[in-house]
Amino acid sequence: MIKPFAIAVSGVLAGSAALAGPYANVENNAGYQGQYLGSVTDIHAGYEGGDGIYGFYLQGGPALVSPEGGDVDMELSGKIGGSVQASPNVSIYGELSFITAEDDPSVGTKLGAKWNF
């Protein structure tokens, strides 16, 4: 049941971290494939930092998995990511995320570039 949510669990990182230190992040991601499939709500504590052109973050905590028509399950999820400012207008970023599940844990990746105009 977790597989449809593997992509939904990952977050967005773009650009280097502006402020360093601990933070809280609550994020809900819903899934649709012709109809509503359900949602995952991450309740994370994290830390972000950086130095010059480099930025990073690490966060984790409970994830409330709410499939359509099913019971809410609590799993653990987390993300680690980073970015590099390749030029004044371009940053490259990546992320590795996970969510546990009793039968089928999921891992997701993200890699991208952001252009500012």
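If I ask for residues that are closer than 14 Å to GLY60 by Cβ and among the hydrophobic types (A, V, I, L, M, F, W, C), which ones from the stretch 91-117 would you list? Scanning the stretch 91-117 gives LEU96, PHE98, ILE99, VAL107. Of everything in the stretch 69-117 that's closer than 18 Å to GLY38 by Cα and among the β-branched types (Val, Ile, Thr), which residue is surrounded by the most Cβ atoms within 10 Å (Cβ to Cβ)? Checking each candidate, the answer is ILE99. Restricting TYR47, TYR54 to those that are more than 22 Å from ASN29 (Cβ to Cβ) and loosely packed, with under 15 Cβ neighbours inside 10 Å reduces the list to TYR54.
No lab work stands behind these numbers, since they all come straight from the coordinates. All values reported here derive from a predicted model rather than from experimental measurement. Glycine also receives a Cβ, built like all others from the backbone with ideal geometry; neighbour counts cover every protein chain displayed.
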